[in-house]
1. Within region B:188-204, identify whether any single residue is part of a loop (DSSP other than H, G, I, E, B), within 14 Å of chain A (Cβ to nearest Cβ) and more than 10 Å from the ligand (Cβ to nearest atom), and answer yes or no.
2. Which ones in region A:54-68 are open to solvent by less than 20 Å² (accessible area, probe 1.4 Å) and either more than 10 Å from chain B (Cβ to nearest Cβ) or over 13 Å from A:SER13 (Cβ atoms) (or both)?
3. What's the number of the condition B:ASP49 fails, among (1) open to solvent by 20 Å² or more (accessible area, probe 1.4 Å); (2) assigned to a helix (DSSP H, G or I); (3) closer than 30 Å to B:GLN153 by Cα?
4. Starting from region B:109-125, take each residue that is farther than 15 Å from B:VAL140 by Cα and list its partners that are within 11 Å of the ligand (Cβ to nearest atom), counting only C-beta distances under 7 angstrom and pairs at least six apart or across chains.
5. Identify the single condition in (1) away from chain A (no Cβ under 14 Å); (2) more than 16 Å from the ligand (Cβ to nearest atom); (3) of a type in the set (S, T, N, Q) that B:SER213 does not satisfy, given that it satisfies every other one.
6. Give region B:369-406 a look and list any residue that's away from the ligand (no atom under 16 Å from the Cβ), part of a loop (DSSP other than H, G, I, E, B) and open to solvent by 30 Å² or more (accessible area, probe 1.4 Å), or say none.
7. Would you mind finding the one in B:GLY255, B:GLY232, B:GLY263 that is away from the ligand (no atom under 16 Å from the Cβ), surrounded by fewer than 21 Cβ atoms within 10 Å (Cβ to Cβ) and in the same structural domain as B:TYR198 (by TED's automatic domain parsing)?
8. Out of the residues in region B:337-356 that are assigned to a loop (DSSP other than H, G, I, E, B) and of a type in the set (Lys, Arg), which is most open to solvent (accessible area, probe 1.4 Å)?
Amino acid sequence: MKFKVNNNEVYASTGGRPFDKKKPLIIFVHGSGLTHMTWVLQTRYFAFHGYNALAIDLPGHGLSGGESLKSIEEMADWVAAVIDAVGHKEASLVGHSQGCLVTVECTARYPNKIKTLSLMGGAGAIPMNPQLLSLAESNDPKAVDLMMDWAHGPAGHFGGHPVPGLYHINTGTMLAKSRTIQNTLGVDFRACDNYKNGFEAAKKVKCPTLSILATDDKMCPVKEGKKLASLIEGSQVDIIDNCGHMMLLEEADRVLTVLKKFITTNYPPLSS
Amino acid sequence: MSDKKKELKPNTYKFDTLSLHAGYQPHKNAGSRQVPIYQTTSYLFDDVDHAAALFNLERGGHIYSRISNPTVGVLEERVASLEGGTAALATSSGMSAIFLAVMTLCEAGDHLVVSSQLYGGTVNLFRLTLPKFGIKCTFVKPRDTEGFKKAIQKNTKGIFGELVGNPGNEIMNMPEISKIAHEAGIPLMVDATYQTPYLCKPFEHGADIVIHSLTKWMAGHGSSMAGILVEGGKFDWMQNDKFPTMTKPYEGYHGLSFAEEFGPTAFTMKARAEGMRDFGPCLSPQNAWNVLQGIETLSVRMKKHCSNAEDMVKYLMNHESVAWVSHPSVPDHPDHELAKKLLPNGRGSMIAFGIKGGKEAGVAFINNVKLASHLANVGDTRTLVIHPASGTHSQMDEATLKFAGLSHDMIRLSVGIEDIEDIKNDFEVGFRAARKPRLVSNQ
Ligand SMILES: Cc1ncc(COP(=O)(O)O)c(C=O)c1O
């Protein structure tokens, strides 16, 4: 569906079900340079089971209008504004990678709005390799190729997509190249690199929190994810073997099973 | 991510490695090193919730082997990876892949612009069968790049062609024709059967959908029928209102908008969800496995196919019984330069040549070669020959033959990977007989 935030058009996938104000809201926030499509194997389940599952495209990304936001803090405020814009008072947040920085910061800033927080491949800080950052900022497609290499675990490099016929690395590459690289990936990487408040923000998170980490994640290694989780009171951690940073696709079923249990327990659906 | 000095290089697997490994994870298949043949029609649901989730595309997975199968899935991912595509859908034959691509793209009232140099079966599909479904086509000669532009109408939904036309070896200027397609907001579909991704990756030259008859060089051993359509993932279906079944909520699938939900894999998702469900040309797991076996050695075989073909071109060009030779490696071939650009790894193993003495000589040649197999196929490991004027196209008169790019003296040769001396020796027997046609045909 499309709606407006700060006068810019926002696109959000509703997971194949019409938006229904009565149902509780879950917002899925994608990673650097990516789009709502990374969430297709989680959102549709929640949409068909009593939730509004909104996988948003950040400004300037995917099908959303406007310019990419330059800092994690701005993105956090923007996610809170999305909740208002769709007429809700509260939401559960789910983030991947950069989306974890955004959702942790958002939860710290708007504790009354956020009911649960689910982090996938998260860390308290995501400092960027300077070469990768400069490639992305200079619009070099090699930045995408490097990201796809590092973002997939050894198993994901071979393939084995949960959706028959899809090939991970090329699908991810086309998503990341769907808009101008420097305006999406370049701006996002810089925002990640600049963001220093993750650990402080984590200490302020009081809602139920889940971290899903993967043993072969090179972008946000398990050690970093655990460090972040240790700062969040009562945080649950689930670690997936043989899987890389793109766990939401590489091990989509496992991620959905864990997420489903966590969200339905802590933020029940509208029963039909 | 902190190595500052060394230049960073992506370490994703390369072509030869992908040919052997892509699409398959042994640790999820009992450690089986070879891809298992999942000889099954259907798959257990964990519970009713799981069943519903699979039907609603909430989860990935298999339901019924008409829609998808794990062995076939490995083949699909493998070909997608080799082509540089986002996704692929394997079918029971090359023809069903072409049909499925068209039916995923078009509805009654739509129009396609199509290269006139195509495999005969494909010509029939576009010329005679698709009009029965209300889909009309305009044929354009493959070298007439501007002609493709002129033929585009308001209701045109795509351009289709074979990269190297059959049987005249005329090459489509794919980079230019893709620009024409994209300016008109429509996709370019390329049948790259004769090239395989080893010789050319059409997505790198602007194609949006690639189709293969896997029956040929990809499987390579003349054992199994199979086809595939592969998606490039770049085409923006939402840029105009030409493709409502891709962009608007689709009644046939719970109001799903394929383009919004699946973006770079939307075409494949629709072809599977709708096309496989409703037409059902599914590939058998055994045949998928046979094709996978072939793909494991694709590079090795294609190298030998191409080097043997170039040897044969030289041999034929210098032969007293040969009037002309058509192959993109021949310097005076009209597309020699374009072929160098589009086919840098080799110009393929299909040769057409004219035999001196016309139709009768052709018949004598075909009837006397022993190693080369006389049959209606191409892209076998074995050398294949056919004389269209006396076989497949024997009802045609001279003028009709000419329109189809054929002539009475033409022999079509699919060069195999036998020892090159043995192929030449066999041809000598054929040529000797062709020089004395009456004697031989009276035997
Ligand atoms: C270029 C080309 N495309 C498509 C086909 C049809 O493929 P199949 O025979 O696998 O249906 C053929 C078959 O000869 C072909 O040569």
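1. So in region B:188-204, the residues part of a loop (DSSP other than H, G, I, E, B) come out as B:192-195, B:200-201.
Cutting the leftovers down to within 14 Å of chain A (Cβ to nearest Cβ) gives us B:201.
Imposing the further condition that a residue be more than 10 Å from the ligand (Cβ to nearest atom) reduces the set to B:201.
Yes: one or more hits.
2. Hits for region A:54-68 are A:LEU54, A:ILE56, A:ASP57, A:LEU58, A:PRO59, A:GLY60, A:HIS61, A:SER64, A:SER68.
3. Tallying (1) open to solvent by 20 Å² or more (accessible area, probe 1.4 Å); (2) assigned to a helix (DSSP H, G or I); (3) closer than 30 Å to B:GLN153 by Cα, B:ASP49 fails exactly one: (3).
4. So the pair list comes out as B:GLY120/B:THR392; B:GLY121/B:MET95; B:LEU125/B:MET95; B:LEU125/B:ILE98; B:LEU125/B:PHE99.
5. (2)
6. Listed by number, the residues that qualify are B:LYS370, B:LEU371, B:SER390, B:SER394, B:GLN395, B:MET396, B:ASP397.
7. Details: B:GLY232 fails: surrounded by fewer than 21 Cβ atoms within 10 Å (Cβ to Cβ); B:GLY263 fails: surrounded by fewer than 21 Cβ atoms within 10 Å (Cβ to Cβ).
Matching residue, one of B:GLY255, B:GLY232, B:GLY263: B:GLY255.
8. Our first condition is that a residue be assigned to a loop (DSSP other than H, G, I, E, B); within region B:337-356, this holds for B:343-349, B:356.
Checking the rest, the ones that are also of a type in the set (Lys, Arg) come to B:347, B:356.
Values: B:ARG347: 48, B:LYS356: 109 Å².
That would be B:LYS356.
The values are calculated or read from the model by the stated rules, or taken from the named source; none is laboratory data. As the structure is a computational prediction, the values presented were derived from the model and not from experiment. Quick reminder, even Gly has a Cβ in these numbers, built from the backbone with ideal geometry, and neighbours come from all protein chains shown. Note: areas computed on protein heavy atoms with side chains; ligands, DNA, RNA excluded. Shrake-Rupley method; radii C 1.70, N 1.55, O 1.52, S 1.80 Å.
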